[in-house]
Amino acid sequence: MPSRESYEVNKEEKHLVQKAKREANQEDILAAALGMRMGPQKPSATFWQPLKLFAYSQLTSLVRRATLKESDRTPKSEKVHNFKVHTFRGPHWCEHCASFMWGLMAQGVKCADCGLNVHKQCSSLVPNDCKPDMRHIRKVYSCDLTTLVKAYNTARPMVVDMCIREIESRGLKSEGLYRISGFSDSVEEVKMGFDKDGENTDISVNAYEDINIIAGALKLYLRDLPVPVISYDAYPRFIEAAKLADPEKKLEAFREALALLPQSHSETLKYLMAHLKRVTQNEKFNLMNAENLGIVFGPTLMRAPNLDAVTALNDIRYQRQVVEVLF
């Protein structure tokens, strides 16, 4: 009968043999992956080690990329250049192909947001990596939301942040908040202040005692956006989600619709909905419930993209429902 010591030795030998076979198989697989033909004289272990490390790192990277969602790989904050036909003074070279821009007039196009100069034919080849520069942003109202956010390097437009902070500090209990319009000349004055002074605009109680002026300025900013907070691309999905009767299907449809929003739009919407929720919590004083706010903010946050008048009119009630569900 073999002793315990000899049994342990045999067990260890079997383990070493199995390990050697596994390593040999790994080397054969690695060689095949690298397109190498192995002869009878295989390379030494010192040759294989760096290749193993390299292959492992590559496989790990591939697996990680494969498990990422498409939305995670594509930057949500990417921005398309806002090219306009431009006449340059003096000699200019295309910043994409580095070739000279010929002609006396309209030699190429210039991005109105970041100042990039390229040939017209090169503009379609430029990646969506526009980085807006404050030197080129001439106004705040009517400026694309993503452009403004990138120019000021903020999560949301400063107009939204500043107006909501001011309203929450002194206006949540104001009767008819967002329903009662502020004096139009004063609202226009706030708009011009933001366009001229940006985040240095004074909207305090000392400048505007009536909180409805600040609320009106916020609504005007949202209405003036060239692309609404709920973007044209996402609009049909939100309307279809609002039409669903089953609560679980409706919730899932809203999640899918929200995922279609650009990052800056999503951040703005989330911040605004949290604010409107706090407005409803003061309904006892301001008399503004979810339905009332939905009526006000439905058409403000979303507009039908190129729909006929009848369809747009029918969508109004669903726009209200979208806002109610969101907050």
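The values are calculated or read from the model by the stated rules, or taken from the named source; none is laboratory data. Quantities reported herein were computed from a predicted structural model and do not represent experimental measurements. Because the Cβ atoms are built from the backbone with ideal geometry, glycine has one as well, and the counts that use them run over all protein chains shown. Calculation scope for accessible area: heavy atoms of the full protein, side chains included, ligands and nucleic acids excluded. Shrake-Rupley method; radii C 1.70, N 1.55, O 1.52, S 1.80 Å.
Structure data summary
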read-out	value
Helices (runs of 4 or more DSSP H) completely within segment 65-173 that count 2 or more residues being charged (D, E, K, R) and either modelled with pLDDT of 80 or more or open to solvent by less than 80 Å² (accessible area, probe 1.4 Å) (or both)	158-170
Given (1) more than 20 Å from the chain's Cα centre (by Cα); (2) open to solvent by less than 30 Å² (accessible area, probe 1.4 Å); (3) of a type outside the set (Gly, Ala, Ser), number of the condition Pro228 does not satisfy	(1)
Some residue of segment 209-229 being hydroxyl-bearing (Ser, Thr, Tyr), under 23 Å from Met162 (Cα atoms) and in contact with a Leu (Cβ under 7 Å, 6 or more places away or on another chain)	no
All positions within segment 267-280 that are crowded, with 19+ Cβ neighbours inside 10 Å and over 19 Å from Ala217 (Cα atoms)	Glu267
Among residues of segment 247-262, those that are charged (D, E, K, R) and open to solvent by less than 70 Å² (accessible area, probe 1.4 Å), counted	1
